[in-house]
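What follows is a single structure, written as structure tokens, with notes after it.
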Amino acid sequence: MKSASIKRSPLLLMILGWSFAGIVGMPGILLLYIDGFSHLIAAQITVGITGLIGGLSYALVFGAMAKEIPVRQTLSLSVAWALSLICGVSTTYLASGSSLKMLVVTFYSFAFWGMVGAFVTVRILRWLVGEKNTVDMLPVLVILSLSPGIAATACDLIGEAMKMYLPGWLAWAISYEAMAVIIGCGGAWAVIRTAKPSRTAEAAREPKMPAAAADNRLGITVLLLLCLPFYLNDFANIYIRDWRLWLSMDYLGVKLFPLLVIGWMIRNRKITAAGLGLIWTPAVTFYSVFLVGTLIGIFLEHSGYAIMSWLPGYRSLGKIPEIAIPLWNRIDLTAGLMLVAIIEELVFRGFLAAFLSRYTESAAVIIGISALAFGMIHWSGGMHQVLITGIAGAVFMTLYLRTRSLPPLILSHFTINFIAFADIVPKSIFSFFRVTGNI
């Protein structure tokens, strides 16, 4: 797929295709005004028709880029996007709550199910371009998945605002068309990015095995020095109630000490900063990793415990004492949480990946061991917290192995914990079920 072959704008073609899809599906909105007709079925018909035709837009764009795709793949695109939108709207009908909470539910629902259409589209894009010429597809997958979520949320906001000035059916018709256009814009961006690979994207795709310690004995010693303080620190959650003593032990044991160990290793050239993941990625990859990590982490933190409530386990054995002085509390919620994010990512993603990669090339093994190690540092919080944080650790390690860059994961880790602890953002809007716990 050569950039010179893009004679007709993918952006224009994609927007026209999805706009037409929105218009064709729009009459389904009128079903909402029929007495006794199920609103859920009306919504499913509307978005299903739009998804079927919108999926065909990709085939139209691919054809304009001088490479036709088989009928089977064309149909798979159409069906995949129809399923994405049908499942997305169906899930929203299972939730209830404030307007703000329903916006969050709408975004998550459409973004999650958008992965169905996104995966099928990315797979066909890889086939069109060729594996060797494919750019970093993570941002493409993220944008294709998030576009329906952003579009559906925008549709709700625009529709509610325009209802104040226009008849309800017309307000929702306009907002629905805006939704289709936004999905089209996301699809166009994905196609354009895939068609025009850049050197930075190519460099990001190259596997970069980080440097490890000079010998096995040193590597194991450093691993123990870095990890043991985290496991021992949970005893403080159980037995120490004085926040000043707890804070002193936490900052000295699991913040300062691991930083000193890592600093010693880098200074003595036992490992490089790049080997620990302290490198930057292109902006589009950075924000893609940040968004994926943050959205999944917030979901796990605020809804994962309800999902796992049926599993057996043990209850929380202790908790972090409340900090009585407001100034110290603010410092801990900002600088303290940022240090937590930096150190835990350095230890349980950066260093652990470097250490394990000396013994295995299996990504599944590295992800599994790191998830277990990260989950177990939360052992005092109960079995469910160990499981939830372990899953979060697996997601983060997967993203790290994909990019070999920690900065977006550090920012994501901080954001998740800040929302959980700071009480600035209402946590209830992320509680799709029932919530307790922290990452």
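The values are calculated or read from the model by the stated rules, or taken from the named source; none is laboratory data. In this text the structure is predicted, and so the values were computed from the model without any measurement. Cβ atoms come from the backbone with ideal geometry, glycine included; neighbour counts cover every protein chain shown.
Go through region 251-303 and give me each residue that's among the β-branched types (V, I, T) and farther than 30 Å from F110 by Cβ.
V254, V261, I262, I266, I271, T272, I279
Does L77 meet the test of being within 24 Å of the chain's Cα centre (by Cα), more than 16 Å from G149 (Cβ to Cβ) and crowded, with 23+ Cβ neighbours inside 10 Å?
Yes, satisfied.
Mind telling me which of the residues L85, L13 ends up being more than 28 Å from the chain's Cα centre (by Cα) and either assigned to a helix (DSSP H, G or I) or under 16 Å from G117 (Cα atoms) (or both)?
Details: L85 fails: more than 28 Å from the chain's Cα centre (by Cα).
L13 is the lone residue from the list that is more than 28 Å from the chain's Cα centre (by Cα) and either assigned to a helix (DSSP H, G or I) or under 16 Å from G117 (Cα atoms) (or both).
Checking I41 against (1) buried (at least 18 other Cβ atoms within 10 Å of the Cβ); (2) modelled with pLDDT of 90 or more; (3) over 29 Å from the mean Cα position of the chain (by Cα), which test does it fail?
(1)
Residues in region 354-371: is at least one more than 21 Å from Y231 (Cα to Cα) and either surrounded by 20 or more Cβ atoms within 10 Å (Cβ to Cβ) or in contact with a helix residue (DSSP H, G or I) (Cβ under 6 Å, 6 or more places away or on another chain) (or both)?
So the first thing to find is which residues in region 354-371 are more than 21 Å from Y231 (Cα to Cα), and the list is 357-365.
Keeping just the survivors that are either surrounded by 20 or more Cβ atoms within 10 Å (Cβ to Cβ) or in contact with a helix residue (DSSP H, G or I) (Cβ under 6 Å, 6 or more places away or on another chain) (or both) gives 363.
Yes, there is a match, as at least one residue in region 354-371 is more than 21 Å from Y231 (Cα to Cα) and either surrounded by 20 or more Cβ atoms within 10 Å (Cβ to Cβ) or in contact with a helix residue (DSSP H, G or I) (Cβ under 6 Å, 6 or more places away or on another chain) (or both).
Counting only residues that are touching a residue at least 24 places away in the same chain (Cβ under 8 Å) and among the hydroxyl-bearing types (S, T, Y), which one in region 48-74 is nearest to I150 (Cα to Cα)?
Taking the candidates together, the pick is T50.
When only residues in region 300-334 that are outside any helix (DSSP H, G or I) and among the basic types (K, R) count, which is surrounded by the fewest Cβ atoms within 10 Å (Cβ to Cβ)?
R315
Can you pull out the residues in region 262-292 that are outside any loop (DSSP other than H, G, I, E, B), surrounded by fewer than 18 Cβ atoms within 10 Å (Cβ to Cβ) and over 19 Å from the mean Cα position of the chain (by Cα)?
If the condition is that a residue be outside any loop (DSSP other than H, G, I, E, B), surrounded by fewer than 18 Cβ atoms within 10 Å (Cβ to Cβ) and over 19 Å from the mean Cα position of the chain (by Cα), then G263, W264, I266, R267, A274 are the ones that fit.
Taking the options L252, L295, name whichever one is surrounded by fewer than 18 Cβ atoms within 10 Å (Cβ to Cβ) and not β-branched (V, I, T).
Testing whether each residue is surrounded by fewer than 18 Cβ atoms within 10 Å (Cβ to Cβ) and not β-branched (V, I, T) leaves just L252.
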